[in-house]
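Here is the structure we will look at.
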Ligand SMILES: Cc1ncc(COP(=O)(O)O)c(C=O)c1O
């Protein structure tokens, strides 16, 4: 008869010969808290801070390290940390690099929850935020103070899709030893190489294109070598970690990112061009269209465009009219967090500190998933026709 304890020893009746040298294409999911040391010497080394291996689950496992190193390579950075969500990655960067008395500059078209964190939480720690124009470039100098520690960019920015002159900003920031951070979620590491443009820290909501199927919440932070130490030290001390299962799914998503992005890019561009010719449309907000105000910057810095863009209508609609349009769409889900296979729609207007042509205007935001452009156009046409019956 088995002694009670044997059940937990992990030896069982496993035929070790059968699994020797066994290898799948993808790294296995390994998760857990306790990591077993080989012997007492290893435990002793760990107690002296000299252990070279992984000694606790919060440090991550090989599943996570495979994903992080793939992200580092594709971004062209020095090192990457996976975190539980995009906003968690953003918050961690802000906490790791700032201290009481610091001032930071954040682009006006930043993702809403990033804005909220900067205006509502950072002041508690004595960090003050000013917003810079959504299309900022050399004019950044007007906003820099003696205590400016960090500049946070997002290009194209959320919902209104303005582009910043990233190299102009990073050049000035480097001269003044200010850290530059970019939320690179829209372009992905395939279509914008932040480190080539002088950025120090690049953030992704992996939740979007990289995991790619709307079933994962994750973020990454990749740094250059110069600014790696303060960030990774913070993560180590705070014992930040993420789900190994999600790392597995995100690594799997990364493998097919190039083909998925090509579809999103082509379908979204075709639909954006088609929308631009409709009478009902005022402006299509897509940086790859030649009439976008910063199209030249996009052409210079980006290697492609993706599936998310916006438009405004000539006539501002009432809430009931918006409901008719949105509810008439059959291919689009109504929801946030793009980057998956499903096309999505949202409508809203967004706070800006600087003058913006979009202030108080409804921005209709479309995400083109894996649907065919022809089908999406037919769906939009149907919804516009329904709307016109309510003018
Ligand atoms: C540009 C951008 N950055 C960050 C985030 C936050 O990502 P997550 O949903 O993974 O927290 C989002 C989410 O919509 C986003 O659009």
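As a test of the formula, what do you get for the chain when each DSSP H run with n ≥ 4 contributes -39,500 (n - 2.57) and the sum is divided by the residue count, at 222 nm and rounded to the nearest 500 deg cm²/dmol?
-10500 deg cm²/dmol
Could you state the principal axis extents of the C-alpha atoms in region 157-244, from the largest down, to the nearest angstrom?
Its Cα atoms span 40, 36, 20 Å along the three principal axes.
Determine the gain in length on full extension of the stretch residue 389-residue 361; use 0.36 nm per residue of separation and subtract their C-alpha separation, reporting nm with one decimal.
7.9 nm
Using the 10 angstrom Cβ neighbour count as an exposure proxy, how do 144, 178 rank, fewest first?
Ranking 144, 178 by Cβ neighbours within 10 Å, fewest first, gives 144, 178.
Starting from 0.36 nm per residue, how many nanometres of slack lie between residue 381 and residue 18 once their C-alpha separation is accounted for?
My answer for the length gained is 124.7 nm.
Nearest 0.05, what FRET efficiency do residue 141 and residue 266 give at R0 = 51 Å with Cβ-Cβ as r?
It comes out at approximately 0.85.
Using alpha carbons only, how many degrees (0 to 90, rounded to 10) separate the axis of helix 86-97 from the longest principal axis of the chain?
70 degrees
On a 0 to 90° scale, report how tilted helix 166-175 is relative to the longest principal axis of the chain, with both axes built from alpha carbons and the result rounded to the nearest 10.
With rounding to tens, the tilt is 60 degrees.
At R0 = 45 Å, how high is the FRET efficiency between residue 303 and residue 31 if r is their beta carbon distance? Nearest 0.05 is fine.
Here the calculated transfer efficiency is 0.80.
Using R₀ = 41 Å, calculate the FRET efficiency as 1/(1 + (r/R₀)^6) where r is the Cβ-Cβ separation of residue 351 and residue 73; round to 0.05.
0.65
Ranked highest first by the average count of other Cβ atoms within 10 Å around their residues, in what order do 39-50, 314-325 fall?
The densest-packed peptide leads the list: 314-325, 39-50.
In degrees between 0 and 90, to the nearest 10, how far off the longest principal axis of the chain does helix 62-75 point, with axes built from Cα atoms?
Tilt relative to the chain: about 40 degrees.
Would you mind ranking 284, 259 by Cβ crowding within 10 Å, fewest neighbours first?
Result, fewest neighbours first: 259, 284.
Fully extended, how many nm does the chain gain between residue 342 and residue 370 (0.36 nm per residue separation, minus their Cα-Cα distance)?
Residue separation times 0.36 nm, minus the Cα-Cα distance, leaves 9.4 nm.
Rounded to two decimal places and with Rh computed the Kirkwood way over Cα pairs, what is Rg over Rh for the chain?
On the Cα set of the chain, Rg over Rh gives 1.04.
What is the fewest-to-most order of 190, 261 by other Cβ atoms lying within 10 Å of their Cβ?
Fewest to most other Cβ atoms nearby, the residues stand as 190, 261.
A short reminder: the numbers here are calculations on the coordinates, not readings from a lab. Bear in mind the structure is a predicted one, so any value in this text is a computation, not a measurement. Positions of Cβ are generated from backbone atoms using ideal geometry, with glycine treated the same way; all protein chains shown enter the neighbour counts.
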